[in-house]
Amino acid sequence: MREIAVETRAHTQFVNVDRLIQQAVTEARLVDGLVHVHVPHTTAGITINENADPDVVVDMAAILERMVPWKGNYAHAEGNSAAHVKASLMGFSVTVPVQGGMLKLGSWQSAYFCEFDGPRRRKVWITCAPS
Amino acid sequence: MREIAVETRAHTQFVNVDRLIQQAVTEARLVDGLVHVHVPHTTAGITINENADPDVVVDMAAILERMVPWKGNYAHAEGNSAAHVKASLMGFSVTVPVQGGMLKLGSWQSAYFCEFDGPRRRKVWITCAPS
Amino acid sequence: MREIAVETRAHTQFVNVDRLIQQAVTEARLVDGLVHVHVPHTTAGITINENADPDVVVDMAAILERMVPWKGNYAHAEGNSAAHVKASLMGFSVTVPVQGGMLKLGSWQSAYFCEFDGPRRRKVWITCAPS
């Protein structure tokens with residue numbers, strides 16, 4: 001398992017982590033199999049989505065904010081319940097195929113670390129599993 | 001990794017893909033382990049849900065549409081931001097146990113390819129991992 | 001694959017299952033790899049979230065109820081469509097790293113079985129995959 005740092009710079013931010021995942025796959029010398037990327041936080045998640053038009057993740061952040069407003073009548077004293085829920089909606093891990101040593105995503109897909117309560121120093125844990 | 005075609009016929013459609021996954025598991029001669037099913041698109045996802053009453057996925061499509069309306073004040077010029085968000089909410093892969101060569105889902109469970117911007121020719125990528 | 005019972009006591013309940021997963025990992029003698037936890041139901045899911053303040057999952061239940069109200073103009077005759085949708089939003093499995101025989105979650109993370117139509121006798125299926 002490899003631990004990789006991700007530094008976020010905004011309260012809500014989608015950070016493309018394809019390059020970091022590929023680097024871990026290369027270092028682990030995984031040729032064919034699956035790579036599992038785990039976010040060990042509770043107010044940040046990970047998803048996959050379009051990398052061509054940066055407006056897609058802009059819309060995604062706005063839609064999630066409308067679905068789960070930051071301010072609400074929440075019990076959690078820290079005040080960031082919305083971030084916890086958004087993270088669960090996106091999920092805390094993605095598993096992606098690896099073929100010939102290369103991360104195998106769809107033509108328009110990238111993996112995005114989803115910061116919902118930043119900016120913070122974050123990390124991801126990467127596990128390679130041969131198939 | 002096996003690539004399998006899925007052709008959708010409506011703008012929003014939940015397509016049961018159990019049979020396609022089982023076929024790939026059988027061809028890969030996986031006996032015990034996990035099968036990973038990846039959707040390489042950005043406006044379609046995959047989930048699991050009830051296969052007994054077809055109204056369950058009808059309601060699911062309607063509820064997702066209410067949560068993430070097709071028309072909104074979205075930035076993405078292509079106009080299908082809602083499909084991108086719905087796909088991330090469902091997720092882009094499922095991992096399911098395989099036992100004795102058979103896909104092991106709960107009694108009422110099936111895996112559904114989730115089309116959110118069809119009809120289109122789609123595909124899924126299936127990776128078998130022995131345990 | 002190990003099957004473990006989870007008994008829920010309320011209509012909506014988040015049950016911490018870390019201890020059950022760790023027990024299965026120990027019994028399987030998995031040292032390094034991934035553990036896959038599958039919920040074989042259609043009105044219950046599984047997610048990860050904060051274990052320190054119990055109010056986090058209280059807020060999560062309330063926010064999901066607001067997003068997907070129990071009562072609606074639903075087609076599914078059984079009347080629990082909201083539970084089906086909430087389960088798909090959380091997802092039906094989590095995959096978590098295992099290191100040195102121990103479930104490796106973030107400092108504040110726990111895995112929560114998510115009951116959305118209880119109380120019921122439920123189960124989870126646990127598969128260990130060495131990496």
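State all residues of the stretch B:99-109 that are at the interface with chain C (Cβ under 9 Å from one of its Cβ atoms) and assigned to a strand (DSSP E or B); if no residue qualifies, say none. B:Gln99, B:Gln109, listed by residue number. Taken over the stretch A:21-48, the criterion of being among the hydrophobic types (A, V, I, L, M, F, W, C), out of contact with any helix residue (DSSP H, G or I) (no Cβ under 8 Å at 6 or more places or on another chain) and surrounded by 19 or more Cβ atoms within 10 Å (Cβ to Cβ) is satisfied by A:Ile21, A:Ala24, A:Val25, A:Ala28, A:Leu30, A:Leu34.
Total residues in the stretch A:64-101 satisfying the condition of being open to solvent by 40 Å² or more (accessible area, probe 1.4 Å) and more than 21 Å from A:Gln13 (Cβ to Cβ): the figure is 7.
Summed over the stretch C:90-120, residues that are of a type outside the set (Gly, Ala, Ser) and touching a Pro at 6+ places or on another chain (Cβ under 7 Å) total 3. Please go through the stretch A:15-34 and give me each residue that is at the interface with another protein chain (Cβ under 10 Å from one of its Cβ atoms) and at negative phi, ordered by number. Matches in the stretch A:15-34: A:Ala28, A:Leu30, A:Asp32, A:Leu34. Does C:Asn51 meet the test of being touching a Phe, Trp or Tyr at 6+ places or on another chain (Cβ under 7 Å), open to solvent by 10 Å² or more (accessible area, probe 1.4 Å) and of a type outside the set (Asp, Glu)? Answer is yes for this residue.
Taken over the stretch B:51-79, the criterion of being within 14 Å of chain A (Cβ to nearest Cβ) and in a helix (DSSP H, G or I) is satisfied by B:Ile63, B:Leu64, B:Glu65, B:Arg66, B:Met67. Has the stretch A:9-16 got at least one residue that is within 22 Å of A:Ala129 (Cβ to Cβ) and either open to solvent by 70 Å² or more (accessible area, probe 1.4 Å) or not aromatic (Phe, Trp, Tyr) (or both)? No, there is no match, as no residue in the stretch A:9-16 is within 22 Å of A:Ala129 (Cβ to Cβ) and either open to solvent by 70 Å² or more (accessible area, probe 1.4 Å) or not aromatic (Phe, Trp, Tyr) (or both).
Each residue in the stretch B:89-98 was checked for being over 30 Å from A:Leu64 (Cα atoms) and facing another protein chain (nearest Cβ under 7 Å), and 1 of them qualify. When C:Ile48, C:Ile21 are checked against the criterion of being touching a residue at least 24 places away in the same chain (Cβ under 8 Å) and in a strand (DSSP E or B), C:Ile48 stands alone in meeting it. Within the stretch B:52-86, the only residue that satisfies the criterion of being in contact with a helix residue (DSSP H, G or I) (Cβ under 8 Å, 6 or more places away or on another chain) and polar (S, T, N, Q) is B:Ser81. A count restricted to the stretch A:102-131 and to residues that are among the aromatic types (Phe, Trp, Tyr) and surrounded by fewer than 23 Cβ atoms within 10 Å (Cβ to Cβ) stands at 2. Note on the stretch B:35-44: residues that are under 11 Å from the mean Cα position of the chain (by Cα), within 9 Å of chain A (Cβ to nearest Cβ) and in a strand (DSSP E or B) amount to 1.
The values are calculated or read from the model by the stated rules, or taken from the named source; none is laboratory data. Everything quoted here is computed from the prediction, not taken from an experiment. In this analysis, Cβ positions are derived from the backbone assuming ideal geometry, glycine residues included, and neighbour counts consider all displayed protein chains. Heavy atoms of the whole protein, side chains included, go into the accessibility calculation; ligands, DNA and RNA do not. Shrake-Rupley method; radii C 1.70, N 1.55, O 1.52, S 1.80 Å.
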